[in-house]
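The values are calculated or read from the model by the stated rules, or taken from the named source; none is laboratory data. Bear in mind that the values here come from a model prediction, so they are computed numbers and not experimental data. Glycine gets a Cβ as well: all are built from the backbone with ideal geometry, and neighbour counts include every protein chain shown.
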Amino acid sequence: MKKGIHPEGYRLVAFKDMSNENVFITRSCAKTREEIEFEGVKYPLIKLEISNTSHPFYTGQMKLVDTAGMVEKFNRRYKKNK
């Protein structure tokens, strides 16, 4: 590895999935202003919208979009304006 190109200051950081309140700890050098107490220890907090615990690919709960219904709805609206 090249020297001097990797950031300094890796530390333990808590990442919180806001959709299901799951918290996991890993090392990061990302800056944050918030803290969280997790299992009796305070960690810097980074909030996530989605993680592997809530992503449909990993959970197996895919949302099906009814595209045929959307097309029919659009056609009905468009025919009214014609």
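Consider LYS31 carefully, then state whether it is outside any strand (DSSP E or B), at pLDDT 85 or above and loosely packed, with under 11 Cβ neighbours inside 10 Å. Reasoning before the result, please.
On the way: outside any strand (DSSP E or B): yes; at pLDDT 85 or above: yes; loosely packed, with under 11 Cβ neighbours inside 10 Å: yes.
So LYS31 passes the test.
Check whether at least one residue in the range 7-14 is exposed (fewer than 11 other Cβ atoms within 10 Å of the Cβ) and at pLDDT 85 or above, and report yes or no.
Pass one, the range 7-14, residues exposed (fewer than 11 other Cβ atoms within 10 Å of the Cβ): 7-9, 11.
Adding the requirement that they be at pLDDT 85 or above leaves 11.
Yes, there is a match, as at least one residue in the range 7-14 is exposed (fewer than 11 other Cβ atoms within 10 Å of the Cβ) and at pLDDT 85 or above.
Within the range 58-71, identify whether any single residue is outside any strand (DSSP E or B) and modelled with pLDDT of 80 or more, and answer yes or no. Looking through the range 58-71, none of the residues is outside any strand (DSSP E or B) and modelled with pLDDT of 80 or more. The set of residues from the range 7-24 being of a type in the set (Gly, Ala, Ser) and within 11 Å of LEU45 (Cβ to Cβ) comprises just one member, ALA14. Among residues of the range 1-25 that are within 12 Å of SER54 (Cα to Cα), those with a Cβ under 7 angstrom from a residue that is surrounded by 10 or more Cβ atoms within 10 Å (Cβ to Cβ) and hydroxyl-bearing (Ser, Thr, Tyr), sequence gap 6+ or separate chain, pair up as ASP17/SER51; ASP17/THR53; ASP17/SER54; SER19/SER54; ASN20/THR53; ASN20/SER54; ASN22/SER51; ASN22/THR53.
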